[in-house]
Amino acid sequence: PPLQHPLAPVFERAIDSLGAALNPETTRYYRGTVRNFLSYLAADHPGITHLEQLRRDPHILGWMSRLRAQTPPLVTASYINRLVALRSICSDLAWNAQQPELAHLIRREDIPRAPKRLPRPLTAEQDQLLQQEFMRRNDLGGNAFLLIRHTGMRIGECADLSWDCLRATAKNQWAIHVPLGKLKTERMVPVDASVSTLVQRLRFFRSLDPLPADGFLLARSEGKNALVRQLRDYLHLVCHELNLSTCIVPHQFRHTYATEMLRAGISFPILMKL
């Protein structure tokens, strides 16, 4: 529901100004950050109704303390993203509202150093068990995750695949067209006959779905985000039934694909393009 707060329209205009050149997902994250911040103000500082009333202490520092005290705890990367998002919005407000002090509510030193992320491929045993289970089930979710595993695409990119994503590049050679994704790039990923069969199976499941054709390979009854959540829930269920860690996430299939390619002798620059 719309957030009921006197500052909501002002922040919404700032998000619209910033979002003109941003990915829709980034804009959605900005709106979530503003909702979180204004909800905090409404609960702990209900008297704040104008921008000129905002202060670093106690309003911003209090919100930062609330984020750090969350249960379950907020991971460092998410904490950093929240601060960066609100800092950008405050900078835009400082310019448009002619209140330069707003740009200094969140300082550079407030933002912690980002943790070093290491690739997390599946173990050989996990990879084998999951692939065997997906092939045994031979349903929409299983074939979708096999496709992710053997192409290295993101789960969101898989949800956005078009009906005609499989392209013939030569005799007995195919490639999958991965649409514009997280980095605003599109690419062709070469695949073999077994992966092309996965696409044909997914086309078959799409043809059985009562939803009208919309150009996508996977049916989306309630939008892309709902489809991604359904796929994540499917993976969670499969891992539970196999007595595997239910902390396994779809992105680990991408790391597993990359690890397999490196071990097969693919150079790192070429792997990055894939």
Exercise. Could you give me the residue pairs with C-beta distances under 6 Å whose first residue belongs to the stretch 80-105 and is closer than 18 Å to D16 by Cβ and at pLDDT 90 or above, whose second residue is assigned to a helix (DSSP H, G or I) and open to solvent by 20 Å² or more (accessible area, probe 1.4 Å) wherever it lies, and which are 6+ apart or on separate chains?
Key: A85/Y30; S91/A103; D92/S17; D92/L18; A94/P100; A94/A103
Practice problem: Out of A42, A77, report the one residue that is assigned to a helix (DSSP H, G or I), surrounded by 13 or more Cβ atoms within 10 Å (Cβ to Cβ) and at negative phi. | Solution: A42
Practice problem: State whether one or more residues within the stretch 82-92 are of a type in the set (D, E), open to solvent by less than 40 Å² (accessible area, probe 1.4 Å) and farther than 24 Å from N225 by Cα. | Solution: yes
Self-check item: Index of the failed condition, W174 passing every other in (1) within 22 Å of M135 (Cβ to Cβ); (2) in contact with a strand residue (DSSP E or B) (Cβ under 7 Å, 6 or more places away or on another chain); (3) in contact (Cβ under 8 Å) with a residue 60 or more places away in the chain
Solution: (3)
Practice problem: Output the qualifying pairs, or none if there are none: Cβ atoms under 7 angstrom, residues six or more apart or on different chains, first residue in the stretch 28-51 and farther than 16 Å from D92 by Cα, second residue buried (at least 17 other Cβ atoms within 10 Å of the Cβ) and among the β-branched types (V, I, T). | Solution: L41/I48
Quiz item: Hey, among L231, L244, L218, which residue is among the hydrophobic types (A, V, I, L, M, F, W, C), within 22 Å of Q126 (Cβ to Cβ), in contact (Cβ under 8 Å) with a residue 60 or more places away in the chain and in a loop (DSSP other than H, G, I, E, B)?
Solution: L244
Quiz item: Quick check, is H236 in contact with a Ser or Thr (Cβ under 8 Å, 6 or more places away or on another chain) and surrounded by 13 or more Cβ atoms within 10 Å (Cβ to Cβ)?
Solution: yes
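The values are calculated or read from the model by the stated rules, or taken from the named source; none is laboratory data. Please read all numbers here as calculations on a predicted model, not as lab measurements. Heads up, the Cβs are rebuilt from the backbone with ideal geometry, glycines too, and the neighbour counts pull from every protein chain shown. We work out accessible area using only protein heavy atoms, side chains counted, and drop any ligands, DNA or RNA first. Shrake-Rupley method; radii C 1.70, N 1.55, O 1.52, S 1.80 Å.
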